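Structure record follows, encoded as structure tokens.
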Amino acid sequence: MIDQETIQRIMDAARIEEVIGDFVSLRKRGANHIGCCPFHNEKTPSFYVSPSKGIFKCFGCGEAGDVVGFLKKHEHFTYPEALLYLAKKYNIEVREEEQTPEQRERQTERDALFHLSEFAQHYFADLLYNDEMGRAVGLSYFHSRGLSDEIIRRFGLGYCLDEWNAFTDHARSNGYSDTVLEKTGLTIFKEDTRKSYDRFRGRVMFPIYSISGRVLGFSGRILTSDKQAAKYVNSPDSDIYNKSRTLYGLYQARAAIAKANRCFLVEGNIDVISMHQSGVENTVASCGTSLTVEQIRLIKRYTPNVTVLYDGDSAGIKAALRAVDLLFTEGMRVRVVLFPDGDDPDSYAQRHGSAALQDYLATHEDNFVMFKTRVLLDSVKNDPIRKAELVKETVDTIALVPDLLERTEYVAQCSSLLGVPEEALASELSKAINRRRMGAAADTAAAVESAATVIPQADAPVPQPDAREKHLVELMLNYGNHPITLKSDSGDPMSYPLAEIIVNDLQDAGLAFTHPFCRKIFDHFADRVEKGLPLEASQLTTIDDEGLRQFAISLMVDTYRVSDKWREKQIIVPRIEDNLEADAAEAILSFKIKFLDERIAENANRMRQAKGEHEILALIEEKKGLVERRRTIGLALHRVIS
């Protein structure tokens, strides 16, 4: 348990734009920050972060919440885990009781997988420096690859002893169960005998981290010349690790990628580490799998610009060709660097040094479409049939490029290289684009038809609130504690929080909100007025009612900003705060008029249904009173507006 005082210190220290900025590339827009939503795939940013209110809101998919809510959703943290993550980020000491083996056993399965993975990383890293075999085998291997102790520790590298059960026995003695050992893949159990052995025995260890720095799994490299053993062994997919959705090195590279607005994509773990040591820290690799759409979208959170680095041999070229079509499909801007045959980023850096590597990257970047065309052209020779196939394949690649101007430039360049008229390439390109659109439309139609058969009827959506109700609630959410000066009965000026004025005025008039969310928000403030608590809206950003939470946050995030052009023309645009008293008065009076108009309409309906003379006369008198009250409030509203 974390005490309330520590929780408050953590929340006071946490800056939501910094925390979310570790996972999403944000840019400042007015008082807010904006970026592409990490919870759904989008091309146009609709994800807003408000530092002043400590909230985020996506106007595309509707996700919303505070900094803890973001971590729970994005990293699948529990509430305590999110707090501990923030405490670590902001160097806030949190004292936790040491867990007994029995308490560990009672942890949720997912938590147990995370705990064991982190326990294993510390164990392997400790062996690398503090065990005789670890130093002689593991550490000497890393040093032979030119890795410094600083970079070894930054990536958490380690060594697993070449013994059947060394790690498994150590984990068991620390209270971890066979079930958890098996589900992480750290221990393998034979089905028939249930005999166990360490998956990574005799290997140097590369921990694989989440974006937030949690250990998800491992990649282990063998150091012997045993041809029957796999060179690399990776953790199997589990509840916490999915290799197709993870990029090796992204945790260490994410800030550098955002800063450089470019990501270098390499093939292997050592390549990533060597690039980082050479000063090229914006480098990642896929985790033992061909590049996937999910991995590309991880990169796209930080930059749309990718440079693919692959070996210069035929296998490297084929891997580059496969990867880049996927990158283009996801709207990335792609360039490629091929190293000399026999070299990769690691070997090139070792042979020539960091400065030479950086210079090579800067001078050997190539336009990918042109690179692919040249590579394929070399294999065509003078065969007209193969050349026609090449033209089609080149055009299909250009069709993946989302930008019209880029496509036009590629057509011009490829026309010259292939010796094919631009008009012919442009015609083929138009056909290729139409084929893609028709295919996408067919896929969409099939998906809709399929979904219609399995998705149950959704609940009826909550209707939009009346504009006057919405505006009053918006004022309370954003300016509830803002002081408003009124005259007391004695004529002396007195200051009251805006939300208190609204609550008291509407309660005195016996008025109520009709929209369910507006009513709940009003009740929230009314309760705090009654109890003398600060009139804040922060509790509404973490409430369990998802619909209410998203509705409140959508009113708290201002997606507009005053253009700099107004200032350039020396036109001062007033802020809401500058005229808040009049705005609040207008909102209250407009709401009262809305209520009276509804009462007058109801009176007219009852009068049409009335039968006795006494009832009709009573309704006429009621109408006179309502109309007079409306006239009085209308005059007051006119004075406020004018």
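Specify the residue that is surrounded by the most Cβ atoms within 10 Å (Cβ to Cβ); the eligible residues are those in region 219-249 that are over 18 Å from the mean Cα position of the chain (by Cα), under 21 Å from Glu81 (Cβ atoms) and not charged (D, E, K, R).
Out of the qualifying residues, it is Ser235.
Out of region 511-556, which residues are in a loop (DSSP other than H, G, I, E, B) and under 15 Å from Gly480 (Cα atoms)? Explain how you work it out, then say what you get.
Just the residues of region 511-556 that are in a loop (DSSP other than H, G, I, E, B), to begin with: 511-515, 532-537, 542-545.
Residues satisfying the conditions are Gly532, Leu533, Pro534, Leu535, Glu536, Ala537.
Check Leu357, Leu361, Leu390, Leu338 and return the single one that is surrounded by 19 or more Cβ atoms within 10 Å (Cβ to Cβ) and more than 30 Å from Ser274 (Cβ to Cβ).
On the way: Leu357 fails: more than 30 Å from Ser274 (Cβ to Cβ); Leu361 fails: more than 30 Å from Ser274 (Cβ to Cβ); Leu338 fails: more than 30 Å from Ser274 (Cβ to Cβ).
Leu390 is the lone residue from the list that is surrounded by 19 or more Cβ atoms within 10 Å (Cβ to Cβ) and more than 30 Å from Ser274 (Cβ to Cβ).
Just to check your reading of the model, which residue among Ile571, Ile588, Ile553 is at pLDDT 85 or above and either over 19 Å from Arg468 (Cβ atoms) or surrounded by fewer than 17 Cβ atoms within 10 Å (Cβ to Cβ) (or both)?
On the way: Ile571 fails: at pLDDT 85 or above; Ile588 fails: either over 19 Å from Arg468 (Cβ atoms) or surrounded by fewer than 17 Cβ atoms within 10 Å (Cβ to Cβ) (or both).
Selected residue: Ile553, the only one of Ile571, Ile588, Ile553 that is at pLDDT 85 or above and either over 19 Å from Arg468 (Cβ atoms) or surrounded by fewer than 17 Cβ atoms within 10 Å (Cβ to Cβ) (or both).
To keep it simple, each residue is scored yes or no on (1) in the same structural domain as Ser225 (by TED's automatic domain parsing); (2) on the phi < 0 side of the Ramachandran plot; (3) aromatic (Phe, Trp, Tyr); (4) at pLDDT 95 or above.
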| position | (1), (2), (3), (4) |
| --- | --- |
| Ile151 | yes, yes, no, yes |
| Leu157 | yes, yes, no, yes |
| Trp164 | yes, yes, yes, no |
| Asp169 | yes, yes, no, yes |
| Tyr176 | yes, yes, yes, no |
| Val180 | yes, yes, no, no |
| Lys190 | yes, yes, no, no |
| Ser196 | yes, yes, no, no |
| Arg203 | yes, yes, no, yes |
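Quick one: would you say Ser196 is of a type in the set (Gly, Ala, Ser), farther than 17 Å from Arg153 by Cα and crowded, with 22+ Cβ neighbours inside 10 Å? It would help to see each step written out before you state the result.
Details: of a type in the set (Gly, Ala, Ser): yes; farther than 17 Å from Arg153 by Cα: yes; crowded, with 22+ Cβ neighbours inside 10 Å: no.
Spelling it out, it is not the case that Ser196 is of a type in the set (Gly, Ala, Ser), farther than 17 Å from Arg153 by Cα and crowded, with 22+ Cβ neighbours inside 10 Å.
Among the listed residues Ser177, Ser148, which satisfies the condition of being within 30 Å of Thr193 (Cβ to Cβ) and not aromatic (Phe, Trp, Tyr)? Break it down into steps so the answer makes sense when it comes.
Working: Ser148 fails: within 30 Å of Thr193 (Cβ to Cβ).
The conditions single out Ser177.
Identify, please: which residue in region 341-354 is surrounded by 14 or more Cβ atoms within 10 Å (Cβ to Cβ) and part of a loop (DSSP other than H, G, I, E, B) and is, among those, nearest to the chain's Cα centre (by Cα)?
Asp344
Could you pull out the residue among Asp527, Asp544, Asp597, Asp564 that is out of contact with any His (no Cβ under 6 Å at 6 or more places or on another chain), modelled with pLDDT of 85 or more and loosely packed, with under 12 Cβ neighbours inside 10 Å? Before you say what the answer is, go through the steps one by one.
Values: Asp544 fails: modelled with pLDDT of 85 or more; Asp597 fails: loosely packed, with under 12 Cβ neighbours inside 10 Å; Asp564 fails: modelled with pLDDT of 85 or more.
Selected residue: Asp527, the only one of Asp527, Asp544, Asp597, Asp564 that is out of contact with any His (no Cβ under 6 Å at 6 or more places or on another chain), modelled with pLDDT of 85 or more and loosely packed, with under 12 Cβ neighbours inside 10 Å.
Where in region 211-325 are there strands (runs of 3 or more DSSP E), lying fully within it, with 3 or more residues that are of a type in the set (A, V, I, L, M)? Give the derivation first.
Values: elements: 215-222, 232-234, 263-266, 283-286, 305-310.
Per the criteria, 215-222, 305-310.
Take the residues in region 402-426 that are within 33 Å of the chain's Cα centre (by Cα) and surrounded by fewer than 14 Cβ atoms within 10 Å (Cβ to Cβ), then tell me which one is modelled with the lowest pLDDT.
Asp403
Considering only residues that are free of Cβ contacts under 8 Å to residues at least 40 places away in the same chain and surrounded by 13 or more Cβ atoms within 10 Å (Cβ to Cβ), look in region 374-387 and name the one that is nearest to Leu425 (Cα to Cα).
Of the residues in region 374-387, the ones free of Cβ contacts under 8 Å to residues at least 40 places away in the same chain are 376, 378-387.
Right, trim to surrounded by 13 or more Cβ atoms within 10 Å (Cβ to Cβ) and you get 376, 380, 386-387.
Details: Leu376: 16, Val380: 18, Arg386: 16, Lys387: 13 Å.
Going through the qualifying residues, I end up with Lys387.
Can you tell me which of (1) under 21 Å from Ala582 (Cα atoms); (2) in a loop (DSSP other than H, G, I, E, B) is the one Ile501 doesn't meet?
Exception for Ile501: condition (2).
List the number of the failed condition for Asp178; all other conditions in (1) surrounded by fewer than 22 Cβ atoms within 10 Å (Cβ to Cβ); (2) within 17 Å of His276 (Cβ to Cβ) hold.
(2)
Taking the condition small (Gly, Ala, Ser), out of contact with any Lys or Arg (no Cβ under 8 Å at 6 or more places or on another chain) and outside the structural domain of Leu555 (by TED's automatic domain parsing), does Ala31 pass? So that I can check it myself, show each step before the final result.
Working: small (Gly, Ala, Ser): yes; out of contact with any Lys or Arg (no Cβ under 8 Å at 6 or more places or on another chain): no; outside the structural domain of Leu555 (by TED's automatic domain parsing): yes.
No; evaluated as a whole, the condition is false for this residue.
Suppose we filter Thr78, Thr6, Thr44 for residues that are closer than 30 Å to Leu327 by Cα, of a type in the set (Ser, Thr, Tyr) and either modelled with pLDDT under 90 or not assigned by TED's automatic domain parsing to the domain that holds Leu113 (or both); which single one remains?
Working: Thr78 fails: closer than 30 Å to Leu327 by Cα; Thr6 fails: closer than 30 Å to Leu327 by Cα.
Going through Thr78, Thr6, Thr44 in turn, the sole match is Thr44.
Confirm whether Val266 is modelled with pLDDT of 95 or more, farther than 21 Å from His115 by Cα and in the same structural domain as Leu338 (by TED's automatic domain parsing). First the steps, then the outcome.
Details: modelled with pLDDT of 95 or more: no; farther than 21 Å from His115 by Cα: yes; in the same structural domain as Leu338 (by TED's automatic domain parsing): yes.
Answer is no for this residue.
Restrict the check to region 403-417 and report whether at least one residue is under 30 Å from Ile273 (Cα atoms), in the same structural domain as Ile273 (by TED's automatic domain parsing), free of Cβ contacts under 8 Å to residues at least 24 places away in the same chain and among the small types (Gly, Ala, Ser). Spell out the reasoning first.
Here is the first cut: in region 403-417, the residues under 30 Å from Ile273 (Cα atoms) are none.
No: region 403-417 contains no residue that is under 30 Å from Ile273 (Cα atoms), in the same structural domain as Ile273 (by TED's automatic domain parsing), free of Cβ contacts under 8 Å to residues at least 24 places away in the same chain and among the small types (Gly, Ala, Ser).
Output the residues belonging to region 133-151 that are in a helix (DSSP H, G or I) and either among the hydroxyl-bearing types (Ser, Thr, Tyr) or within 21 Å of Arg201 (Cβ to Cβ) (or both). Before the answer, list the steps.
Residues of region 133-151 in a helix (DSSP H, G or I): 133-144, 149-151.
Correct list: Met133, Gly134, Arg135, Ala136, Val137, Gly138, Leu139, Ser140, Tyr141, Phe142, Ser144.
Out of region 201-210, which residues are outside any loop (DSSP other than H, G, I, E, B) and touching a helix residue (DSSP H, G or I) at 6+ places or on another chain (Cβ under 7 Å)? Working first, answer last.
Restricting attention to region 201-210, the residues satisfying the condition of being outside any loop (DSSP other than H, G, I, E, B) are 203-209.
Correct list: Val204, Met205, Phe206, Pro207, Tyr209.
The values are calculated or read from the model by the stated rules, or taken from the named source; none is laboratory data. Computed from a predicted structure; not experimentally measured. Cβ sites come from the backbone with ideal geometry, for glycine too, and all protein chains shown count toward neighbours.
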